[in-house]
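The values are calculated or read from the model by the stated rules, or taken from the named source; none is laboratory data. Quick caveat: nothing in here was measured; it's all calculated off a predicted structure. Quick reminder, even Gly has a Cβ in these numbers, built from the backbone with ideal geometry, and neighbours come from all protein chains shown.
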Amino acid sequence: MHVVIPSRRRADTIEAGALSLFPTATVCVGESEAAAYGRLTKRLLVHPDDVTGMGPLRQWILNHVKDDAVFMVDDDVYALYTLVGVRARRLRVP
């Protein structure tokens, strides 16, 4: 399974949020933001800047990631909750 985080204008917050939960994820960013995100991770998937909107971007990712399963994570995620067991538990580490 390939984990991809589509991101835009969040280079200053993604490291403490989504990348801390999914440290091996590939971050998908536009060409104009590749340098800013490149300081955070080497796992970049760079799309043309003219691919805009979540629908077209998600389709672009599916067309360019060669894996049977692609899991996309929002770039503003900072915690997950598990509903296994009696109580919901908050997860903040991978």
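Results, tabulated for the structure shown:
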{"quantity": "Residue within the stretch 56-70 that is modelled with pLDDT under 95, within 15 Å of the chain's Cα centre (by Cα) and exposed (fewer than 12 other Cβ atoms within 10 Å of the Cβ) present", "calculated": "no"}
{"quantity": "Residues (small (Gly, Ala, Ser) and either surrounded by 14 or more Cβ atoms within 10 Å (Cβ to Cβ) or under 16 Å from MET72 (Cβ atoms) (or both)) located in the stretch 1-35", "calculated": "SER7, ALA11, GLY17, ALA18, SER20, ALA25, GLY30, ALA34"}
